[in-house]
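Below: the structure, in structure tokens.
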Protein chains: 2
Amino acid sequence: MLKVTQQPDVISFGGGLPAPELFPTREIGQASVEVMEEYGAAALQYGVTEGIPEMRTWVAERLSTRLHKLFDPAEILIVNGSQQGLDLIGKIFLDPGDHVVLENPSYLGAIQAFDAYQARYLTVETDEDGIVPASLERVLEHADPFPKFLYSVPNFQNPTGRTLAADRREAIVRICERFELPIVEDDPYGELRFEGEELPSLASLATSGCVIYSGTGSKIMAPGLRVAWLAIPDHEVREKIALAKQGTDLQTGSLAQYVFHRYASKRDAFEAHVDRIIETYAQRRDVMLQTLEATMPAGVRWNRPQGGMFLWASVDGVDTIELLKLCAAQKVVFVPGVSFFPARDVHDGMRLNFSNASEEKIQEGIARLAAAVRASKN
Amino acid sequence: MLKVTQQPDVISFGGGLPAPELFPTREIGQASVEVMEEYGAAALQYGVTEGIPEMRTWVAERLSTRLHKLFDPAEILIVNGSQQGLDLIGKIFLDPGDHVVLENPSYLGAIQAFDAYQARYLTVETDEDGIVPASLERVLEHADPFPKFLYSVPNFQNPTGRTLAADRREAIVRICERFELPIVEDDPYGELRFEGEELPSLASLATSGCVIYSGTGSKIMAPGLRVAWLAIPDHEVREKIALAKQGTDLQTGSLAQYVFHRYASKRDAFEAHVDRIIETYAQRRDVMLQTLEATMPAGVRWNRPQGGMFLWASVDGVDTIELLKLCAAQKVVFVPGVSFFPARDVHDGMRLNFSNASEEKIQEGIARLAAAVRASKN
């Protein structure tokens with residue numbers, strides 16, 4: 001997908017790329033110089049697997065504020081992008097044939113990470129408010145073998161943009177605690193809320209240490225640094241994941257961690273930067289919604305995410321893999337929804353990314369997409 | 001180990017750390033600024049899994065020159081430190097119970113990477129000239145199940161500092177080709193030769209595409225960037241490893257790759273930097289050898305590596321795990337040799353790192369070690 005979207009005349013709603021024009025390039029260069037002046041060789045040497053103390057403390061403080069739950073720096077493990085967190089979780093929890101419970105549809109990168117350990121999937125029903133608790137309960141009652149964990153993206157989910165409703169969060173945590181099922185709460189987009197109220201994280205609702213929380217700097221600073229984090233309250237699980245990381249790549253880059261920390265510690269500038277991302281993406285979402293409204297024929301439906309980078313659209317009676325072929329010829333691309341359903345049984349969906357293209361390109365791209373939809377219906 | 005060695009008053013021959021005082025800190029800061037000016041957001045965005053084109057070309061050119069074999073940039077995969085290369089190799093080749101052929105002793109990080117896939121090990125006899133070809137042949141003739149690959153560090157091996165002799169290189173490649181056994185040639189220290197002639201790499205001796213070559217920037221620039229590489233001639237293996245990397249962490253940090261490339265492309269400065277590392281480590285090795293000679297009692301033997309970062313010593317009749325306890329009290333540490341033997345059946349060895357401590361500390365540390373050896377013999 002990245003290889004296609006790098007063609008300059010293609011308008012891509014396909015990737016999950018942040019807006020590069022918002023990256024703080026000059027500031028990152030400056031932060032690198034400052035890190036070299038302040039930390040010198042320590043920022044280029046091997047470091048401990050868990051991450052540099054400065055980053056772990058920064059993450060614990062930020063999560064404590066955002067999620068209304070006290071995090072200890074000792075709980076935090078810095079990983080090489082959140083994809084690595086998912087891989088390590090797969091590595092320590094999964095043996096071939098093991099079950100993982102997924103939202104349906106679910107994030108493709110997670111499926112890919114767990115596939116490497118030959119996992120099988122149990123899917124729970126979801127609607128516009130996320131996981132349906134009764135469906136989760138049914139799945140767990142009948143599961144054989146009993147699953148190793150539930151993987152969920154509660155905020156502005158990838159691929160649907162949906163957010164798990166507040167009352168359902170409480171219900172889902174209680175169900176998982178009753179069944180003693182660990183939860184992997186993947187929250188890459190949680191900071192990118194455009195409107196509506198902040199909802200409690202699953203981690204903050206848990207009374208046991210059953211939630212592994214995954215966060216990342218990729219969406220609030222830049223993905224190219226590969227700085228992300230896991231918060232793992234359970235001591236034994238944390239030791240296992242750290243040991244697995246040691247065997248996997250020893251540590252996340254020292255320089256990247258120091259540079260991330262240096263920039264993020266300039267609090268006012270950093271908060272202004274995150275605000276600018278939120279504002280930009282909110283406008284782009286609005287433009288996408290307006291253009292969909294103005295151009296799409298009947299039979300196309302879409303949702304209105306309250307944050308994040310994606311919305312979800314369906315085209316009645318159209319296989320969006322076929323539609324993509326028409327679209328590629330028109331130089332507009334998206335990700336066909338079927339890839340996100342482990343059973344590959346829903347064919348009319350598509351994931352539309354609104355963070356990466358300018359407002360003009362969104363207008364032009366959605367118009368091209370609408371023309372392709374019309375053509376596909378003839 | 002890292003946690004212990006970070007105590008300031010401990011003299012450590014234990015880790016495998018490069019000399020931090022040689023890291024080009026100012027230049028890396030400067031390179032970061034230049035990268036931001038030249039590439040801007042592209043150096044902070046997601047990139048393709050295989051690595052940035054500039055790095056892959058740089059690696060292919062450097063390997064082509066050093067190893068006297070033409071490498072194509074398309075063969076190169078940039079990884080997050082060479083430990084990740086080993087993990088990915090384990091991930092695509094190994095199922096639980098599979099055999100890997102190892103030198104005896106062998107690199108601990110490799111064993112740790114392969115352990116995660118529940119590998120079992122077949123060890124081949126080694127002497128001061130590395131793997132004994134007849135032993136390899138015997139092992140392969142009787143192996144059941146037949147192993148998935150041979151893992152070897154031919155230059156200045158970790159842990160022994162030994163180098164595989166020229167005639168044996170030829171013999172080993174021919175044996176592996178006859179048995180159709182892939183070779184993983186791990187060469188982190190190959191550029192750090194103090195004396196003697198450069199020997200042909202296994203990759204350059206192979207007539208088939210059976211050798212996966214692993215190299216790293218950690219020992220010629222800095223480990224904290226986490227930039228290393230695999231050269232994988234076999235197309236199918238390469239695709240599998242790239243796909244595994246995608247599921248594991250998407251990509252190696254874009255910024256780290258651009259910064260590495262920018263600094264390494266200033267050819268004169270970079271070569272002067274590598275020369276300075278070689279010169280410094282050679283002097284430290286000499287000081288360690290002289291101090292061993294001057295202080296050690298009878299019954300202690302050691303070798304004279306022609307490069308790299310480690311030498312190997314044995315203490316007749318002494319369990320070096322016990323010795324380490326005496327040493328830790330004296331504020332000097334090393335890695336007991338037993339850890340490097342998969343069968344854990346050799347107890348009198350120790351790995352001594354000479355790259356990380358100053359000449360004065362080497363003298364003081366070896367004197368402390370000699371005192372501990374004497375004490376252990378009473």
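Laboratory data are not the source of any read-out in this text; all were calculated from the coordinates shown. Bear in mind the structure is a predicted one, so any value in this text is a computation, not a measurement. Neighbour counts run over all protein chains shown; Cβ positions are idealised from the backbone, glycine included.
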Checklist entry - If Lys and Arg each add +1 and Asp and Glu each add -1, what is the summed charge of the other residues whose beta carbon sits under 11 Å from the beta carbon of A:Phe13? => result +4
Checklist outcome for this item: Rounded to the nearest 5, the percent of antiparallel DSSP beta bridges in chain B equals 55 percent
Checklist entry - How do A:Ile321, A:Ile362 rank when sorted from fewest to most other Cβ atoms within 10 Å of their own Cβ? => result A:Ile321, A:Ile362
Checklist entry - So, counting K/R as plus one and D/E as minus one, what does the shell of residues with Cβ under 11 Å around A:Gly161 add up to? => result +3
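Mind sorting B:Cys327, A:Cys210 by how few other Cβ atoms lie within 10 Å of their own Cβ, fewest first?
Ascending number of Cβ neighbours within 10 Å: A:Cys210, B:Cys327.
Could you grab the Rg to Rh ratio for the range B:50-124? Cα atoms only, Kirkwood for Rh.
Expressed as Rg/Rh, it is 1.07.
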Item to check | Computed [θ] at 222 nm, helices only, for chain A once each DSSP H run of length n ≥ 4 contributes -39500 (n - 2.57) | outcome: -14000 deg cm²/dmol
Checklist outcome for this item: Among the Cα-Cα pairs of the range B:248-304, the proportion with separation greater than 20 Å, in percent, is 56 percent
Checklist outcome for this item: Gyration tensor on Cα atoms of the range B:1-157, a ≥ b ≥ c root eigenvalues, a/c under 1.5 rounded, else prolate if a/b beats b/c, else oblate, says prolate
Checklist entry - Counting pairs of alpha carbon atoms under 8 Å apart in space and at least six apart in sequence, what relative contact order in percent does chain B give? => result 24 percent
Next on the checklist: Students often forget the sequence filter, so: which lysines lie under 20 Å Cα-Cα from A:Lys148 once same-chain residues fewer than 8 apart are removed?
Outcome noted: A:Lys91, A:Lys240, A:Lys245
Checklist entry - Name the chain B residue with the Cβ nearest the axis that maps B onto A: which is it, and what is the distance in angstrom? => result B:Ser32, 2
Checklist entry - Within a Cβ distance under 13 Å of B:Gly317, other residues only, what is the Lys/Arg minus Asp/Glu net charge? => result -2
Next on the checklist: For the range A:99-193, report the % of Cα-Cα distances exceeding 17 Å.
Outcome noted: 45 percent
Checklist entry - Relative to the other copies, what are the label-point distances for A:Asp345, with labels 7 Å from Cα along the C-beta vector, expressed in nm at one decimal and sorted shortest first? => result 5.5
Checklist entry - When a footprinting reagent is the concern and you count Cβ atoms within 10 Å, what order do A:Phe270, A:Phe310, A:Phe146 take, fewest first? => result A:Phe146, A:Phe270, A:Phe310
Item to check | Along principal axes, Cα extents of the protein assembly as shown, largest first, whole Å | outcome: 89, 53, 53
Checklist outcome for this item: Mean separation of Cα contacts under 8 Å (at least 6 apart) over the residue count of the range A:41-265, i.e. the relative contact order in percent, is 28 percent
Checklist outcome for this item: The value for the range A:230-345 (convex hull of the alpha-carbon atoms, volume per residue, Å³) is 218 Å³
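How large is the Kirkwood hydrodynamic radius of the range B:25-266, counting all unique pairs of alpha carbons, in Å?
Mean inverse Cα-Cα distance, inverted, gives 18.4 Å.
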